[in-house]
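Only one structure is covered here, and it is reproduced in the block below.
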Amino acid sequence: MIELAGIRYAWPESPPVLDGVSLTVREGEKLVLLGANGSGKSTLLKLMNGLVQPQSGAYRYGGEDVTPARLRGGEWARRFRSEVVLLFQHPEAMLFNPTVRDEIAYGPRQLGLADAEARTARWAAALGLLPLLDKAPFALSGGQKQKVALAAILALEPRVLLLDEPVSSLDPRASGWLVDFLLDCGKTVIVSTHNLSMATELGERCLVLGEGGRPLYDGPLQEALHDRALLESANLVHRHRHRHDGDTHAYMHAHTHSHDWESSR
Ligand SMILES: Nc1ncnc2c1ncn2[C@@H]1O[C@H](COP(=O)(O)OP(=O)(O)O)[C@@H](O)[C@H]1O
Ligand SMILES: [Mg+2]
């Protein structure tokens, strides 16, 4: 369904942020994109959403090259845009409608779907947003905005969900709902995280990106999580001094562990 071959991408006047990324994702597969801050996860998801174009390498969706010419408009672009959707890491960038209702209905209305209102109600209910439908998105909390952005892309009922650190500002109930939904939905899901304990909930396969967007590993997630050398080279765990409270002498020592509590921002 999704094929990347030898993708290289550099932002203007910068070193590469994706360097030799090759990847095949089958329909219905759940892939976790693991990497430290700055490893290129968001850039890769934008590329798969057709928002940035690789400088070299190929991106194929459903066997067809995703090219600037194809994305410019017409039936192909319309189908791609409705089938492949991205939840941005910072969803406030996506929200521009006067109300939550309009925000969720926007995509289905753009596609001219007759059931836009029914879809809005369905996905607002799924995410617990019914009490907020008449509110302005900009007046919501960060987590509420993320739920609105999620409802807005789910209302398109896409085939491929690209989710950029979706649980970073969701509360536990919404995170739990999302994990259950993703496992059961049958869609192709590519989800980025730097949270190792969350990763196991999101899929069974992972791609690990290292510094400079170099792919370090593609395979079973559990194996990656037990490969300390891999995790250290990807900067997903590190060695530092650590205070153990509750000890009469509150001593410090060094060992490796992950920083799951760190904010993604
Ligand atoms: N719009 C942009 N313009 C220039 N550089 C960018 C832009 N977005 C990201 N970068 C740079 O690309 C690198 C990878 O960023 P990103 O893809 O956001 O990584 P991650 O999502 O893994 O934290 C970083 O060094 C970042 O500064
Ligand atoms: Mg990111």
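Details
- Taking chymotrypsin sites (Phe, Trp or Tyr not before Pro) as exposed when DSSP calls them loop and at most 16 other C-beta atoms lie within 10 angstrom, the chain has its longest site-free stretch at 97-250.
- In region 112-204, GluC sites (Glu not before Pro) in a DSSP loop with at most 16 other beta-carbon atoms within 10 Å: 204
- Among the trypsin sites (Lys or Arg not before Pro) in region 51-134, those located in a DSSP loop and surrounded by at most 16 other Cβ atoms within 10 Å of their own Cβ are 72.
- Segment residue 56..residue 138, full-extension length gain: 25.7 nm, with 0.36 nm per residue of separation and the alpha-carbon distance subtracted.
- Only alpha carbons enter this Debye calculation for the chain, each as an equal point scatterer, and the log10 of I(q)/I(0) it gives at q = 0.13 Å⁻¹ is -0.88.
- A simple spin-label model places pseudo-atoms 7 Å from Cα toward Cβ; at residue 26 and residue 110 they are separated by 3.2 nm.
- Backbone phi angles across region 56-73, fed through the Karplus curve with coefficients 6.51, -1.76 and 1.60 (θ = phi - 60°), yield HN-Hα couplings of 8, x, 10, 10, 10, 10, x, x, 10, 5, 8, 10, x, 4, 5, 6, 5, x Hz in residue order; Gly and Pro are listed as x.
- Stretch gain in nm, segment residue 69-residue 171, where the contour uses 0.36 nm per residue and the Cα spacing is subtracted: 32.7 nm
- Surface composition of region 70-119: carbon and sulfur atoms hold 53% of the protein heavy-atom accessible area at a 1.4 Å probe.
- Rounded to the nearest whole Hz, the Karplus-based 3J(HN,Hα) values (6.51 cos²θ - 1.76 cosθ + 1.60, θ = phi - 60°) of region 203-218 follow the sequence x, 10, 10, 9, 10, 9, 9, x, 4, x, x, 8, x, 9, 6, 9, with x at glycine and proline.
- Å² of accessible area per residue within the chain, as computed with a 1.4 Å probe and no ligands counted: 47
The values are calculated or read from the model by the stated rules, or taken from the named source; none is laboratory data. Since the model is a prediction, treat every value here as computed from it, not as a measurement. Here the Cβ is made from the backbone with ideal geometry for all residues, glycine too, and neighbour counts use every protein chain on show. Ligands, DNA and RNA are excluded from the accessible area calculation, which covers all protein heavy atoms including side chains. Shrake-Rupley method; radii C 1.70, N 1.55, O 1.52, S 1.80 Å.
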